[in-house]
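Visitor: Let me begin by handing over the structure; questions about it come next.
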Amino acid sequence: MDAAASQAQNSSQLKKTREAEMELFAIKRQPKRIDICATGLAGLLWIFCPIGIAQNSPALLADPFVPAIEKMKLAVAPLDCLAVNGAESKVLERMGTAFLVSEAGDFLTAAHVIRDMQNREGACPTTAMTLPAQEWRPEARGEQMRWFAFKSSDCRIDEIVDVAKCKLSEDLSVGIREFHLKIAPVQFEWNLPRDGAQVAFTGFPLQARDPMTFRAAVAAYRMPGRDEPIPELVLDHTALRGFSGSPVYLADGRVVAILVSTGTAEATGISVARPASIWREMLAEGPSQ
């Protein structure tokens, strides 16, 4: 084979390799597709995204946090802005994370998540919580889900603490029986974890379809200052947008705090949560009037 023929063959192979790389890149960049059918205060959704690989090795199962994380997935849910038009609906934006505190549909989230839904540019026609029809299946191409509406005006909001307690418009226990939903409201640990204690937080950052979990350690418990007299739990891990309202919990699954913010500028790399002890009374209060 002469030099010209060899060069032509190499050029052809390089072109095919580049085309294959571009095709793979296009697949990775393909946006998720959301198909929804809904009526009334609850609806059925199918959400599609690229297939992932489930991890279930013996080493992971030996970690005490793994079963706690799996159980927490039965309590967390995204809060969505929906546009509903008859039998057709569309997810406009995934605003944050919430976690159930009762089978009736009471849930907690960060107060600023509710305010963002109320003040969203372009409005948020229907505020809703989305739950899997059976269980979260990140390895599946598509997941069947159901959404349940709630009124943000009915939420009890503590602006200073940045925590909100809300309730779904319909009794979720009816949906649990009717749709066989797998729900497990959280349990709490009111005592503060010590510095260095390992914790995790689970939520729906970056418009994620399925829950995502980060692990962290308690860096400090502090009072920020005279202008901010509300205590906070500082974690040594950043939190992505969408994690607001996520439960922070121990290896036994008990919730010790709710995530409200992440550090910026010099504070990049940390996140801030409100300890459960300071919003404990809110759980016993009814909805706002």
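Visitor: Among the residues of segment 127-136, is any hydroxyl-bearing (Ser, Thr, Tyr), in a strand (DSSP E or B) and in contact with an Asp or Glu (Cβ under 6 Å, 6 or more places away or on another chain)?
Guide: The answer is yes; a qualifying residue exists.
Visitor: Could you tell me whether residue 260 is outside the structural domain of residue 131 (by TED's automatic domain parsing) and under 18 Å from residue 109 (Cα atoms)?
Guide: In short, yes.
Visitor: Separate question: So which of 57, 89 ends up being buried (at least 16 other Cβ atoms within 10 Å of the Cβ) and either modelled with pLDDT under 90 or of a type in the set (Lys, Arg) (or both)?
Guide: Checking each option against the conditions leaves just 89.
Visitor: Please determine whether any residue of segment 194-204 is basic (Lys, Arg) and touching a residue at least 24 places away in the same chain (Cβ under 8 Å).
Guide: yes
Visitor: Pick out the one residue from 184, 219, 251 that is of a type in the set (Gly, Ala, Ser), under 30 Å from residue 62 (Cβ atoms), over 22 Å from the mean Cα position of the chain (by Cα) and outside the structural domain of residue 68 (by TED's automatic domain parsing).
Guide: Values: 184 fails: over 22 Å from the mean Cα position of the chain (by Cα); 251 fails: over 22 Å from the mean Cα position of the chain (by Cα).
Being of a type in the set (Gly, Ala, Ser), under 30 Å from residue 62 (Cβ atoms), over 22 Å from the mean Cα position of the chain (by Cα) and outside the structural domain of residue 68 (by TED's automatic domain parsing) holds for just one of 184, 219, 251, which is 219.
Visitor: Residues that are of a type outside the set (Ser, Thr, Tyr) and surrounded by 20 or more Cβ atoms within 10 Å (Cβ to Cβ): find the strands (runs of 3 or more DSSP E) completely inside segment 151-205 holding 2 or more of those.
Guide: Qualifying strands (runs of 3 or more DSSP E): 163-167, 198-203.
Visitor: Residues 261, 246: which one is under 16 Å from residue 185 (Cα atoms) and within 18 Å of the chain's Cα centre (by Cα)?
Guide: Criteria check complete, one pass: 246.
Visitor: Can you pull out every residue in segment 250-272 that is in contact (Cβ under 8 Å) with a residue 60 or more places away in the chain, more than 23 Å from residue 80 (Cβ to Cβ) and not charged (D, E, K, R)?
Guide: 250, 251, 253, 256
The values are calculated or read from the model by the stated rules, or taken from the named source; none is laboratory data. Everything numeric in this text was worked out from a predicted model, so none of it was measured. For neighbour counting, all protein chains shown are included, and Cβ atoms are generated from backbone atoms with ideal geometry for every residue, glycine included.
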